[in-house]
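Here the structure comes first, spelled out in structure tokens, and everything after it is commentary.
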Amino acid sequence: MTTIDTRTEHGAFSLSGTQAGSGGLAALTGWITTADHKRIGRLLIGSSLLFGAATFVLTALLGLERMDQNGSVLDAGSVGQLFALERVALPFMAAVPLLLGLAVAVVPLQLGARGLAFGRAAAFGFWTWLLGSALVVASFIGNGGPGGGDSKMVDLFLVSLGITLVGLLVIAGTVATTVLTSRAPGMTLQRVPGLAWASLVGSVALLVTVPVLIADLVLLGVDHKYVRTPGFGANLDLLGWMGWGLSQPATIAYSLIALGVVADVVTTASHRRSTLRPVFLVGVAVAATAVLGAVTQKVQLLEWNGDAGSKIQDLLPWALFHLLPILGPVLVLAVCGQALAAGKIAKVSPAALGFSVLGLALVALGTAAQALTPIVELDLLGTTYEEGAATLILGGAILAGLGGLIHWAPKLWGRALPAGATLPLAGLGALGVALAGLPLLIAGFQGQPAMAGSGFDYDLAPEVLNLLVLVGGAALALTVVGVIALAVTSLVGEPTAGDDPYDGQTLEWATTSPAPADNFAEVPRVASAEPLFDLKPGRSDA
């Protein structure tokens, strides 16, 4: 028995999405019914980018709302729900599905696998996620988000968010299973590429964390519909109960796959074997300790003014759940810096390098910033500080995902994105994440309440800080839209990319561009972490 369906089907339901006939209907049917992991990954990536662009437009609008303290730019009754929609959409409709989409599309190629384990389950997961996400948006439109006035739409929100999370869990399960069961001969876990390793760790992190959030949603849904326990706050405190899954350290767990994207892009750019590979493997695992803090559903408060015994008692869980994860992105950045310093940068897309490295730097910054949140004396809980840290982490993860999309574009649809047009977008995107997140950190120190559109004031000109957030959201929306436009135009405007345009090290560059339905005609036996170098004359000691 195998976890991969290797049958070559014919007709409208072929793995490649083609039919004996031709025409738009056959092509559409092929995409809808496909079990080809490359197509499923592209569907995830494309859909998540559209949701991401819409979310960043919402970020800009909410920054505009916070600028005006004398009135309400948006509908006053919907402001709270729009803030809630932004917090839900950023991780579960944009960042996580984008990174999972890359993993679905690329990881089987890196492993030398014929396909994705349980490919039809992954397709089911995609359509489940897409349906759930659409229903989440519909519930907000119907006045049913947290604090919404329509009871049935509140029920729809809780159910549809659960459906969204179930879809992501199914996809994460197929990715983890693929890494564990479908590697090429000789490829141990110590030899898997960076993206494959981070996808395994990140998928397991999702499988551990997200079910706890789903259980919360079930409890809230039953209580809201049938019980209305005063302690649950009915529809008014939904985010209070599930907010741990939308903030730190849970967001760190959601961004783990980004670490592998950066490592592979940088390693390919260096054109050398990585001498610090064990440090990278440990770094991703260390970052995954954020899962421990997430599943506790409790902020590990740290109070400096207590007695010595209570300080030590608080310090240990705070350091484990909030300080230790910082080492993950820092170690990966160190490995990437060493690789670039020791090698020569050539051939790889500079835009992919810029997007991925800048994205990981912002993830590291957000991870470091979140460690201050539980310190009682700083009084940051319930302020925009939490929003700012989440924006830096998830926004940085999205940038890294865009870098991965640009890097592996030749393998997914056979064309490279134009470097001259994509490189400026990397700078614009990094500036956008910084402007959308850092001012919220500063405003948090000033006591600006989270998810409040008005009713606050402080000395540092809230209009200016929130104007920067508006500009950051707009810049991010433009970045995502720009990458989408360039990806679409590359299908007709750019020359066909070669099978190995970057002189790559890993197995995805050993097959054709784009990769065929079954990925490989023949998979070589793997003897190192850089199997393609082993097959190239003169590269054995590279």
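The values are calculated or read from the model by the stated rules, or taken from the named source; none is laboratory data. This structure is a prediction, so every number in the text was calculated from the model and none was measured. Neighbour counts run over all protein chains shown; Cβ positions are idealised from the backbone, glycine included. Keep in mind that these areas ignore ligands, DNA and RNA; they rest on the heavy atoms of the full protein, side chains included. Shrake-Rupley method; radii C 1.70, N 1.55, O 1.52, S 1.80 Å.
The residues on offer are Ala339, Ala368, Ala352, and the sole one that is of a type outside the set (Ser, Thr, Tyr), within 26 Å of Leu281 (Cβ to Cβ) and modelled with pLDDT under 90 is Ala339.
Kindly indicate whether Arg87 is among the charged types (D, E, K, R), open to solvent by 10 Å² or more (accessible area, probe 1.4 Å), more than 20 Å from Ala198 (Cα to Cα) and assigned to a loop (DSSP other than H, G, I, E, B). No: the conditions fail for Arg87. If the condition is being within 27 Å of the chain's Cα centre (by Cα) and open to solvent by 40 Å² or more (accessible area, probe 1.4 Å), then region 60-83 contributes Leu61, Leu64, Leu82.
Consider region 258-272 and keep the residues that are β-branched (Val, Ile, Thr) and closer than 15 Å to Ala364 by Cβ. The one that is surrounded by the fewest Cβ atoms within 10 Å (Cβ to Cβ) is Val266. The criterion of being surrounded by 24 or more Cβ atoms within 10 Å (Cβ to Cβ) and of a type outside the set (A, V, I, L, M) does not hold for Thr275. Filtered by the rule that a residue be closer than 29 Å to Ala400 by Cα and modelled with pLDDT of 55 or more, region 1-32 gives Ile4, Trp31, Ile32. Residue count for region 486-512 satisfying the condition of being open to solvent by 50 Å² or more (accessible area, probe 1.4 Å) and closer than 20 Å to Phe56 by Cβ: 1. Of all residues in region 434-461, those being buried (at least 16 other Cβ atoms within 10 Å of the Cβ) and either at pLDDT 85 or above or farther than 24 Å from Leu246 by Cα (or both) number 15. Could you list, in sequence order, the residues of region 171-182 that are crowded, with 19+ Cβ neighbours inside 10 Å and aliphatic (A, V, I, L, M)? Within region 171-182, Ile171, Ala172, Val175, Ala176, Val179 qualify. Does Leu213 meet the test of being open to solvent by less than 20 Å² (accessible area, probe 1.4 Å) and at pLDDT 95 or above? In short, no. Would you check if Leu49 is of a type outside the set (Lys, Arg), part of a helix (DSSP H, G or I), modelled with pLDDT under 95 and at negative phi? Here the answer is no, as Leu49 does not meet what is asked.
Of the residues Ala339, Ala369, Ala352, Ala319, the single one that is part of a helix (DSSP H, G or I), in contact (Cβ under 8 Å) with a residue 60 or more places away in the chain, small (Gly, Ala, Ser) and more than 24 Å from Ile406 (Cβ to Cβ) is Ala369.
Among the residues of region 427-449, those identified as in a helix (DSSP H, G or I), in contact with a strand residue (DSSP E or B) (Cβ under 9 Å, 6 or more places away or on another chain) and closer than 22 Å to Val57 by Cβ are Leu440, Ala443. Taking region 340-363 as the range and being aliphatic (A, V, I, L, M) and buried (at least 24 other Cβ atoms within 10 Å of the Cβ) as the test, the residues that pass are Ala351, Ala352, Leu360, Leu362, Val363.
Set side by side, the residues Val96, Val57 differ, and just one is of a type in the set (Val, Ile, Thr), surrounded by 21 or more Cβ atoms within 10 Å (Cβ to Cβ) and within 23 Å of Val480 (Cβ to Cβ), which is Val96.
Name every residue in region 511-537 that is hydrophobic (A, V, I, L, M, F, W, C) and closer than 22 Å to Trp31 by Cα, in order of residue number.
Ala515, Ala517, Phe520
Matching residues to (1) open to solvent by 10 Å² or more (accessible area, probe 1.4 Å); (2) over 23 Å from the mean Cα position of the chain (by Cα); (3) at negative phi:
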position: Asn143; (1), (2), (3): yes, yes, no
position: Gly186; (1), (2), (3): yes, yes, no
position: Trp197; (1), (2), (3): yes, no, yes
position: His224; (1), (2), (3): no, yes, yes
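For region 424-433, the set of residues classified as surrounded by fewer than 18 Cβ atoms within 10 Å (Cβ to Cβ) and either within 14 Å of Pro350 (Cβ to Cβ) or at pLDDT below 90 (or both) consists of Pro424, Gly427, listed by residue number.
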